[in-house]
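Undergrad: Mind looking over this structure? Questions follow.
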Amino acid sequence: MSAAAERQVSAFLGGLRRLSRQVGLYPEGHPATQEAVELLGEAVQEFLDGEPEVTLTIFQEAFFRNRVVVPHASLEYRSLLQEMEQRGLETITLVPPISAADLFDLAAFVGGVSDDLPADGTIVLNEPMTVDPELDPTPASKLRTSYGNVLDAIRHASSAMVVRGSFELGTVVDAVEGLFEHTLSHPGAALLLSTVKSHDEYTFFHSVNVCILSLAVGQMIGVDRDVLVPAGVGAVLHDIGKVAVSPEILNYPGRLSAEQWKEIEIHPQEGALAILAAGGEGSEIAANVAFEHHARFDGEGYPRVSRVRRPHVYSRLVQVVDTYDAITSRRAYRRAEGPSRALQILLDGAGSYWDPDLVRAFIQMMGVYPPGSILRVDDGAIAVVVSRTEEPGAPLSVVTVVGPDGCHLDEPEPTILPLDRVVRQELPDDVGVDPASLLETIEGGLRV
Ligand SMILES: [Fe+2]
């Protein structure tokens, strides 16, 4: 039940992250702390799911609930995972009923506020021999790790930009090269992984998704590695210039004034300048991507380049996938759209906003139902597309996750699904299905 494990682990980690931040700010008895302890207590109930004992394991840059790996939460809570690793945590075993004091001590320990361990015995840290030493990294877990490395790279680059106005390009290039290699060998799994989203850290995850999708499409249409890797670097860094825009404007909920727009419109330029200043091989291509990512195919958009000279082809590629990932992500001001709707929007804007040839190539690569699409089947079951369809109209390679009776299956079931059995597409939040959770459960991701 990987999607269920994802939800349970996410609930626990979300609660733990909130409380570990809180304990650094307020003392134990403070109402804000108490409220966070209570919320974590509720999340822990979900995490335990009625079992007498559950262990969260941190191993090979991933979280495991008992022995089930949770790929999505491992990426979404990667900073927390790294903090836990720094604190020497390998396992957290919860034995209900969990005491509030233990929850507080756990969060204070994870947050580095205190070295005291939970003392009531309801939370046990680093119990010996709960990690399986035989666990070999699968191709899918290597892909996940390379995604995480790019995530770290953009996070570091952004904070370096804020602190000192510059960053090292080499770290980003190395990380993108790693992601390129793994995307090359498993493009379908890469597409499935690109469904990982984070509502709290939208910008970082969006940047990595734009990178992974650019690499996948670029490979398919035959872009050279020498161009594609720097373009991927540009894809990760395309919005880095936003650090020059004030957060009030970036997060402004209403309609922006002309003045505010002017400030927003400097971010492509600022990003390109920062990339050029970082220098190194491929920095010009990456800078072009950042500079041109809002310049439209028909010469509109910003900055005004020229009606005659279109943005570079790799910038046009990044624009297409940037839009796709933005539309399929949930934002504070609107819900996420399904993959098919996103492809339709791209098709509608082909020739004006976007390069029509690249839109077509992207749709061809993604297929009508791209990997990660959640489909309602005519018998009421729910299935997730896990592989690219090479031929138009060919049956889909899916994994059934919810049976016709509406119950989540313990073991997702690989199935071949004829297109005419698809009733509609569903959204992850509506049906409680997380496509990325399947990454490492389907024969190590090899099939996709
Ligand atoms: Fe942008």
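Undergrad: Among the residues of the range 278-327 satisfying the criterion of being within 16 Å of the ligand (Cβ to nearest atom) and of a type in the set (K, R), which is surrounded by the most Cβ atoms within 10 Å (Cβ to Cβ)?
TA: Ranking the qualifying residues of the range 278-327, first place goes to R316.
Undergrad: So, one more: Of (1) hydroxyl-bearing (S, T, Y); (2) over 26 Å from A436 (Cα atoms); (3) within 21 Å of the chain's Cα centre (by Cα), S20 satisfies all except one. Which?
TA: The single condition S20 does not satisfy is (3).
Undergrad: Test P339 against the stated conditions and say whether it is more than 13 Å from the ligand (Cβ to nearest atom), without any contact (Cβ under 8 Å) to a residue 24 or more places away in the chain and closer than 19 Å to Y202 by Cα.
TA: Spelling it out, it is not the case that P339 is more than 13 Å from the ligand (Cβ to nearest atom), without any contact (Cβ under 8 Å) to a residue 24 or more places away in the chain and closer than 19 Å to Y202 by Cα.
Undergrad: Mind checking whether some residue in the range 363-376 is in contact with a Leu (Cβ under 6 Å, 6 or more places away or on another chain) and surrounded by fewer than 21 Cβ atoms within 10 Å (Cβ to Cβ)?
TA: yes
Undergrad: Moving to a separate point now. Residues that are in contact (Cβ under 8 Å) with a residue 12 or more places away in the chain and among the polar types (S, T, N, Q), at least 2 per element: which strands (runs of 3 or more DSSP E) completely within the range 360-421 meet that?
TA: Here the list reads 396-402.
Undergrad: Does A216 meet the test of being among the hydrophobic types (A, V, I, L, M, F, W, C), surrounded by 15 or more Cβ atoms within 10 Å (Cβ to Cβ), within 15 Å of the ligand (Cβ to nearest atom) and in a helix (DSSP H, G or I)?
TA: For A216, the condition - among the hydrophobic types (A, V, I, L, M, F, W, C), surrounded by 15 or more Cβ atoms within 10 Å (Cβ to Cβ), within 15 Å of the ligand (Cβ to nearest atom) and in a helix (DSSP H, G or I) - is not met.
Undergrad: Next up: Please go through the range 187-213 and pick out each residue that is surrounded by 24 or more Cβ atoms within 10 Å (Cβ to Cβ) and assigned to a helix (DSSP H, G or I). So that I can check it myself, show each step before the final result.
TA: Taking the range 187-213 as the starting set, the residues that turn out to be surrounded by 24 or more Cβ atoms within 10 Å (Cβ to Cβ) are 189-196, 207-213.
A189, A190, L191, L192, L193, S207, V208, N209, V210, C211, I212, L213 - these are the residues of the range 187-213 that are surrounded by 24 or more Cβ atoms within 10 Å (Cβ to Cβ) and assigned to a helix (DSSP H, G or I).
Undergrad: Of the conditions (1) under 27 Å from the mean Cα position of the chain (by Cα); (2) not in a helix (DSSP H, G or I), R309 clears all except one; give me its number.
TA: All conditions are met except number (1).
Undergrad: While we're on this one: Test each condition in (1) away from the ligand (no atom under 16 Å from the Cβ); (2) assigned to a helix (DSSP H, G or I); (3) of a type outside the set (K, R); (4) within 25 Å of I363 (Cβ to Cβ) for A231 and report the one that comes out false.
TA: (1)
Undergrad: Is at least one residue of the range 260-269 part of a helix (DSSP H, G or I), surrounded by fewer than 22 Cβ atoms within 10 Å (Cβ to Cβ), touching a Gly at 6+ places or on another chain (Cβ under 7 Å) and in the same structural domain as A287 (by TED's automatic domain parsing)?
TA: As a first pass, look at the range 260-269 and keep what is part of a helix (DSSP H, G or I): 260-264, 267-269.
Remaining after also requiring surrounded by fewer than 22 Cβ atoms within 10 Å (Cβ to Cβ): 260-264, 269.
With touching a Gly at 6+ places or on another chain (Cβ under 7 Å) added as a condition, the list becomes 269.
Add one more test, that the residue is in the same structural domain as A287 (by TED's automatic domain parsing), and what stays is 269.
Yes, the range 260-269 has at least one match.
Undergrad: What number goes with the only condition from (1) over 30 Å from R65 (Cβ atoms); (2) of a type in the set (S, T, Y); (3) outside the structural domain of Y302 (by TED's automatic domain parsing) that S387 does not pass?
TA: Unmet for S387, out of (1) over 30 Å from R65 (Cβ atoms); (2) of a type in the set (S, T, Y); (3) outside the structural domain of Y302 (by TED's automatic domain parsing): (1).
Undergrad: Here is a follow-up. Got a sec? Which of D120, D49, D105, D116 is assigned by TED's automatic domain parsing to the domain that holds E6 and surrounded by 17 or more Cβ atoms within 10 Å (Cβ to Cβ)?
TA: D105
Undergrad: So in the range 219-257, with the set limited to residues that are loosely packed, with under 15 Cβ neighbours inside 10 Å and acidic (D, E), which one is modelled with the lowest pLDDT?
TA: E248
Undergrad: If you don't mind, there's one more thing I want to ask. If you scan the range 240-265, which residues turn out to be without any contact (Cβ under 8 Å) to a residue 40 or more places away in the chain and within 11 Å of the ligand (Cβ to nearest atom)?
TA: First, pick out the residues of the range 240-265 that are without any contact (Cβ under 8 Å) to a residue 40 or more places away in the chain: 242, 244-252, 254-265.
Result: K242, V245, L250, I264, E265.
The values are calculated or read from the model by the stated rules, or taken from the named source; none is laboratory data. Everything quoted here is computed from the prediction, not taken from an experiment. Positions of Cβ are generated from backbone atoms using ideal geometry, with glycine treated the same way; all protein chains shown enter the neighbour counts.
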